[in-house]
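First the structure, in the form of structure tokens, and then the observations on it.
The values are calculated or read from the model by the stated rules, or taken from the named source; none is laboratory data. Here the structure is a predicted model, which is why all the values come from computation and not from measurement. No Cβ is skipped: glycine too gets one built from the backbone with ideal geometry, and neighbour counts run over all protein chains shown. Ligands, DNA and RNA are excluded from the accessible area calculation, which covers all protein heavy atoms including side chains. Shrake-Rupley method; radii C 1.70, N 1.55, O 1.52, S 1.80 Å.
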Amino acid sequence: MTSDTLTPEARRPINEQQPAPAADTKGTTRPVILTGDRTTGPLHIGHYAGSLKNRLAFQESHDQYLLLADTQALTDNAHDPAKVRRNVVEVALDYLAVGIDPGRTTICLQSHLPALAELSMLYLNFVTVARLERNPTIKDEIRARGFGRDIPAGFLCYPAAQAADITAFRATVVPVGADQAPLIEQTNEIVRRINAVAGTPVLPEAQAVIPEAGRLPGVDGKAKMSKSGGNAIGLSATPDQIRAAVRAMFTDPGHLRAEDPGRVEGNVVFTYLDAFDEDRAGLEELKAQYRRGGLGDGRIKARLEEILQELVAPFRARRAEFARDEGHVVSVIRRGTERARAVTEETRRDVVEALGLFRL
Ligand code: TRP
């Protein structure tokens, strides 16, 4: 986590940040917001707490684009393109299941936006290999993936591709996890270089917005919830899966009998309650009681299970409904991608023109 690389604005709670309005291509003044997800697996409740919930709010106030980042997914999944393909519809279904409205949010597919690839190639000339290697996000991810020295070139260069994503939509607001903030820094470096060479501010800089709710740990207490790690609760988990996941959660290993005082910090059940319990006063009371002693793990788990069952049930139902008509989901993606194609192509033309390349 590199919160010291964030601007003061980015460190403020999300609901206090005031993004500068940018004129979008429709001539309105809603600020443009872009986020994306690599299509490597269905989303889970950690995604809901950390980003999907915010995206529901942003579609009311911003011109929002959601990028199904299949090309970026290939940068560390080139051996399994079928997985990347399959999960395009899965992730789109997750968006629709939580209430993303394609009438207000543009859902689009990265691999079908050629301007993104063309801008990526251009931007690679405005960044050095040394700078890419120094990017903290890339460094951490290279370590986590165990690439050693065998780093796919596409992976090393994905910050330039992500800069292309962000700028092609002229996004000024980019909500990402704290671990991705250095990518926005690097985007803005590229933007400043291009603007300097072009001699005109052809591209806007972007503001990283870090969600207040940090990353949700896995149900096993590991720092990262992930489907591949087998420690996630899916957005369409069954009631049994939710019950089993909550039952297996770690609490305080020193809290053996209900009468004993227990620890709330580092207690996975309370971390989840912090993320999902809307009854804040009730939660504070539960914590106090747990600390004092006299509150059994069964009780806090029952409370959490009730909340998660209530959260996931409508997602599961809506997802099942949308999944019955895959053709409809594909047409939502197709329409969004067409709209995104027009926007991104216009930016590509503007950049090429501003740089003054030869015109035939
Ligand atoms: N890197 C993001 C992730 O791994 C996905 C992504 C691709 C993205 N392009 C983007 C996020 C542009 C924000 C803006 O989740």
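Can Ala181 be described as over 17 Å from Val32 (Cα atoms) and within 16 Å of the ligand (Cβ to nearest atom)? In short, yes. In the stretch 142-257, counting only helices (runs of 4 or more DSSP H) that sit wholly within it, the ones holding 1 or more residues that are under 22 Å from Ala73 (Cα atoms) and more than 17 Å from the chain's Cα centre (by Cα) span 153-156, 158-168, 181-198. Looking across the stretch 112-131 at every residue that is buried (at least 20 other Cβ atoms within 10 Å of the Cβ) and out of contact with any Asp or Glu (no Cβ under 8 Å at 6 or more places or on another chain), the one that is farthest from Ile184 (Cα to Cα) is identified as Leu113. Listed by first and then second residue, the pairs linking a residue in the stretch 42-57 that is more than 15 Å from Asp274 (Cα to Cα) to a residue that is open to solvent by 40 Å² or more (accessible area, probe 1.4 Å), with Cβ atoms under 6 Å apart and 6 or more places separating them unless they lie on different chains, are Pro42/Glu90.
Somewhere in the stretch 275-287, is a residue surrounded by fewer than 12 Cβ atoms within 10 Å (Cβ to Cβ), assigned to a loop (DSSP other than H, G, I, E, B) and modelled with pLDDT of 90 or more? Yes; the residues of the stretch 275-287 include at least one that is surrounded by fewer than 12 Cβ atoms within 10 Å (Cβ to Cβ), assigned to a loop (DSSP other than H, G, I, E, B) and modelled with pLDDT of 90 or more. Counting only helices (runs of 4 or more DSSP H) that sit wholly inside the stretch 1-116, those with at least 3 residues that are within 22 Å of Ala163 (Cα to Cα) and either modelled with pLDDT under 95 or assigned by TED's automatic domain parsing to the domain that holds Ala245 (or both) are 8-11.
Among the residues making up the stretch 94-111, those that are closer than 18 Å to Thr40 by Cβ and open to solvent by 10 Å² or more (accessible area, probe 1.4 Å) are Leu109, Gln110, Ser111.
Has the stretch 313-332 got any residue that is within 18 Å of Ala92 (Cβ to Cβ), part of a helix (DSSP H, G or I), in contact with a strand residue (DSSP E or B) (Cβ under 8 Å, 6 or more places away or on another chain) and open to solvent by less than 60 Å² (accessible area, probe 1.4 Å)?
Within the stretch 313-332, one or more residues are within 18 Å of Ala92 (Cβ to Cβ), part of a helix (DSSP H, G or I), in contact with a strand residue (DSSP E or B) (Cβ under 8 Å, 6 or more places away or on another chain) and open to solvent by less than 60 Å² (accessible area, probe 1.4 Å).
Among Val91, Val84, which is the only one that is within 13 Å of the ligand (Cβ to nearest atom) and more than 15 Å from the chain's Cα centre (by Cα)? None of the others qualify; the one that does is Val84.
It is to be established whether one or more residues within the stretch 143-166 are polar (S, T, N, Q) and away from the ligand (no atom under 14 Å from the Cβ). Explain how you work it out, then say what you get.
Our first condition is that a residue be polar (S, T, N, Q); within the stretch 143-166, this holds for 162.
Then drop every residue that is not away from the ligand (no atom under 14 Å from the Cβ), which leaves none.
No, the stretch 143-166 contains no residue that is polar (S, T, N, Q) and away from the ligand (no atom under 14 Å from the Cβ).
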